[in-house]
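J.: Pasting a structure below so you can have a look.
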Amino acid sequence: TQVDLQLTDTTPDGLLSVVIPNYNYDRYVSEAIASIAAQTYSPIELIVVDDASTDNSVAVIRAALEEHEGRFVSTRLIALEENVGKLGALNRALPHVRGHYFIIHDSDDVLKPEYVERTIAELEKARAEDPSIGFLYTDCMLISQTGEELDRGKSAAFDPALLERFSFVPEPATCLAAPVLEAGPYDEAIRKGTKHHKWKRIVGNGWNGRHLAEPLFCYRMHDANLSGIGKRVIAEV
């Protein structure tokens, strides 16, 4: 299977693969990369897919990867020449994923330094009770374009029936890599609700999630948020 092909004798135990899809977020992406480099967990491999950005993203990403290179087992920049959307970017990254664990991290968001260590520990604790649990997600802090904390964002307890109707599992949930790889490739025709499509596929394959009610990452609110949530929450706050 595709999953088995990724595991080699040189893959470190507990390797986490982080994929950052980026499109025209040159003003945020280096902070996203820095937040992965600042994690208290290792080993980590980092794959950044630039989705044919028209701004200065590729240069910014290259500089950030160079700056933090010693922190990672490996880094890779995949610079696409045609825009394929977030799921297309994820599909281009999947063949390079070697980790036991997996995170897809939006290039405008920021992980708190303990995010990976805490979520992997909680994921493994949950899996000891129920081996069908394949991913763990947390609450977040909502931050402004410039990084000020605005409010706490709360997710819901995992419920497969609720997932049919609502998208409540955020990126960057910490997953086992196998469920993510098994459910791919993802439908590149979908340009909105991309997270929802991915989680429904994974859950449709028999995997379940677990919610940890702690705000362990920062979700940036701005007018360009694909979901429109940025505009809505900024107006409310």
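J.: If we keep just the residues of region 12-66 that are touching a Ser or Thr at 6+ places or on another chain (Cβ under 7 Å) and of a type in the set (S, T, N, Q), which is farthest from ARG191 (Cα to Cα)?
T.: The selected residue is ASN24.
J.: In region 107-119, which residue that is of a type outside the set (Ser, Thr, Tyr) and outside any helix (DSSP H, G or I) is nearest to TYR23 (Cα to Cα)?
T.: ASP108
J.: Now a separate question. List the number of the failed condition for THR194; all other conditions in (1) at positive phi; (2) modelled with pLDDT under 95 hold.
T.: Every listed condition holds for THR194 apart from (1).
J.: Just to verify a result, which residue in region 53-77, among those that are surrounded by fewer than 16 Cβ atoms within 10 Å (Cβ to Cβ) and aliphatic (A, V, I, L, M), is nearest to TYR23 (Cα to Cα)?
T.: ALA59
J.: I'm trying to understand the selection: among the residues of region 209-220, which are touching a Phe, Trp or Tyr at 6+ places or on another chain (Cβ under 7 Å) and either farther than 16 Å from PHE158 by Cα or open to solvent by 40 Å² or more (accessible area, probe 1.4 Å) (or both)?
T.: Hits for region 209-220 are ARG210, HIS211, LEU216, PHE217, ARG220.
The values are calculated or read from the model by the stated rules, or taken from the named source; none is laboratory data. This one's a predicted model, so the numbers in the text were calculated from it and none came from an experiment. Because the Cβ atoms are built from the backbone with ideal geometry, glycine has one as well, and the counts that use them run over all protein chains shown. Heavy atoms of the whole protein, side chains included, go into the accessibility calculation; ligands, DNA and RNA do not. Shrake-Rupley method; radii C 1.70, N 1.55, O 1.52, S 1.80 Å.
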